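S.K.: Quick one: structure below, then a few questions.
The values are calculated or read from the model by the stated rules, or taken from the named source; none is laboratory data. As the structure is a computational prediction, the values presented were derived from the model and not from experiment. With ideal geometry, Cβ positions are generated from the backbone for all residues, glycine too; neighbour counts draw on all protein chains shown.
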Amino acid sequence: MSEKTILVGLERPSIARWELLESLEELSQLSLTAGAEVVATVTQRLERPTAPYYIGKGKAEELALLCEEKKATSIIFDDELTPAQGRNLEVLCKRKVIDRTQLILDIFAARARTREGRLQVELAQLQYLLPRLTHMWGHLSRQSGGVGSRGPGETQLEVDRRRAQERVARLKEDLQSVRRIRQTQREGRLRQQWPLVSLVGYTNAGKSSLLNLLTKSAVLEEDLLFATLDPTTRQLVLPNHQKILLTDTVGFIRKLPHTLVASFKATLEEVELADLLLHVVDLSHPHYLDQIEAVEKILKEIGAAEKKCLIVFNKIDCIPHPDLIQRELKRFPNSVAISARLGLGREEFLSRLGQELSSPRAEACYHLPPEASALLAEIHRSGHVSSLHYEEETAVVMASVPTSLAQKLVPFEKKN
């Protein structure tokens, strides 16, 4: 039996009504992803949130009655609540009260599969929990006053806070180790001279579907927000024979908790250091332009706003009017259209990807003696070999290679 929940949002003068409704619809999808059934949605128009209940006291009392009527077991607020607001609402409504941040953290915790993913989620959860520990122990009070005489509530609070802080420090150390491992892997990629391409985009835009289409992988595809959480990297050979590494990263979302952005630093480094970003956009979504803006905002937060980027308009098979596709391709000149589900536009996309990654390459003839076999392997790995034959033990290879490799091969180049 799924949990029954009521969603609550606040309409403020600074937020348009449609923005609130869209945000609540997204919150409903998040609730579904977490396994909850939405039985009602409550909104209120206020200048600003109130200190005691976030919503007004009268609306909070109505919410308590609605919980009884709908037999709801939880309440989810669309914005982050203060510890005091959460506690007051739970006392009044006698129901579990969580906010959008807690809901997203819960989904991430359920979907993290790798050790790195679990470490990052736990760190984010603890960082969210630390400032809220005081109110979690509000039912324990001091038994007596005076210097050196502390009640069980304060004692337990200090114990919990110390343990949480120690765990946070340990998690940060472990994630630092993860970053060192990633750095080693990255250095290996640099030696191979394979460009790194990162898939970014709003959650459920089709990044995993695109990765599967291009690399024949079997990454989970599901019509749920944050269906995949842990990053996946696969090798891809482009039509021009260039080899690249394609990385699927965690999906973005509006109001993505800052604790998550900070905790996923190790994963998001792949975005920061990518040679090219593929910004996957669900063109069939009614508010895809807002989603583009939300992703660009997060890219700016993590220092990747200036990265070379190709917009990939996905799900074109769901667009009834082809004119819309052409209009958006004109509006965003650095873009391409595709259906990752059906494979429509795949060849054009791969060709465009090769153009975006093309770098100056020198084609020449090289005579490599046996002791230069490592260089020959590097030519095969990162260049394009036109011909290869042997004159006695010397390898004669005609190849186009990246400029950086061409510099190493200068001593072996045969001039015309």
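S.K.: When residues of the stretch 72-98 are filtered for being surrounded by fewer than 16 Cβ atoms within 10 Å (Cβ to Cβ) and of a type in the set (F, W, Y), how many remain?
M.R.: Residues in the stretch 72-98 being surrounded by fewer than 16 Cβ atoms within 10 Å (Cβ to Cβ) and of a type in the set (F, W, Y): 0 in total.
S.K.: Return yes when A36 is surrounded by 17 or more Cβ atoms within 10 Å (Cβ to Cβ) and within 18 Å of E90 (Cβ to Cβ) and no when it is not.
M.R.: Numbers: surrounded by 17 or more Cβ atoms within 10 Å (Cβ to Cβ): yes; within 18 Å of E90 (Cβ to Cβ): yes.
Yes: the conditions hold for A36.
S.K.: All but one of (1) under 34 Å from the mean Cα position of the chain (by Cα); (2) touching a residue at least 24 places away in the same chain (Cβ under 8 Å) hold for Q355; state the number of the condition that does not hold.
M.R.: Q355 satisfies every listed condition except (2).
S.K.: Now, a different point. For the stretch 282-297, indicate whether the set of residues that are over 17 Å from N204 (Cβ atoms), surrounded by fewer than 18 Cβ atoms within 10 Å (Cβ to Cβ) and touching a helix residue (DSSP H, G or I) at 6+ places or on another chain (Cβ under 6 Å) is non-empty. Walk me through it before giving the result.
M.R.: We begin by selecting, within the stretch 282-297, every residue over 17 Å from N204 (Cβ atoms); these are 296-297.
Now narrow it down to the ones that are surrounded by fewer than 18 Cβ atoms within 10 Å (Cβ to Cβ): 296-297.
Now narrow it down to the ones that are touching a helix residue (DSSP H, G or I) at 6+ places or on another chain (Cβ under 6 Å): none.
No, the conditions are met nowhere in the stretch 282-297.
S.K.: Can you give me the number of residues within the stretch 17-49 that are part of a strand (DSSP E or B) and more than 19 Å from C67 (Cβ to Cβ)? Please lay out each step first, then the result.
M.R.: So the first thing to find is which residues in the stretch 17-49 are part of a strand (DSSP E or B), and the list is 36-45.
Now drop any that are not more than 19 Å from C67 (Cβ to Cβ), which leaves 45.
Of the residues in that region, 1 qualify.
S.K.: Scan the stretch 377-389 for residues that are surrounded by 11 or more Cβ atoms within 10 Å (Cβ to Cβ) and not in a helix (DSSP H, G or I) and jot them down. Walk me through it before giving the result.
M.R.: The initial filter retains those residues of the stretch 377-389 that are surrounded by 11 or more Cβ atoms within 10 Å (Cβ to Cβ), namely 378-386, 388.
Listed by number, the residues that qualify are G383, H384, V385, S386, L388.
S.K.: I'm trying to understand the selection: among the residues of the stretch 54-102, which are closer than 16 Å to V38 by Cβ, in contact (Cβ under 8 Å) with a residue 60 or more places away in the chain and in a helix (DSSP H, G or I)?
M.R.: Residues satisfying the conditions are L66, C67, K70, R100.
S.K.: Identify, by number, the condition in (1) at pLDDT 90 or above; (2) touching a helix residue (DSSP H, G or I) at 6+ places or on another chain (Cβ under 6 Å) that A305 doesn't meet.
M.R.: So A305 meets the others, but not (1).
S.K.: Now for a separate question. Do the conditions hold for L220, that is, is it more than 22 Å from L299 (Cα to Cα), in contact with a helix residue (DSSP H, G or I) (Cβ under 8 Å, 6 or more places away or on another chain), surrounded by fewer than 22 Cβ atoms within 10 Å (Cβ to Cβ) and modelled with pLDDT under 85?
M.R.: Details: more than 22 Å from L299 (Cα to Cα): yes; in contact with a helix residue (DSSP H, G or I) (Cβ under 8 Å, 6 or more places away or on another chain): yes; surrounded by fewer than 22 Cβ atoms within 10 Å (Cβ to Cβ): yes; modelled with pLDDT under 85: yes.
When the stated conditions are applied, L220 passes them.
S.K.: What number of residues within the stretch 303-324 satisfy the criterion of being touching a Leu at 6+ places or on another chain (Cβ under 7 Å) and surrounded by fewer than 16 Cβ atoms within 10 Å (Cβ to Cβ)?
M.R.: Of the residues in the stretch 303-324, 3 are touching a Leu at 6+ places or on another chain (Cβ under 7 Å) and surrounded by fewer than 16 Cβ atoms within 10 Å (Cβ to Cβ).
S.K.: With the condition kept exactly as written, say whether any residue in the stretch 396-404 is modelled with pLDDT under 90 and in a helix (DSSP H, G or I).
M.R.: Checked the stretch 396-404: at least one residue is modelled with pLDDT under 90 and in a helix (DSSP H, G or I).
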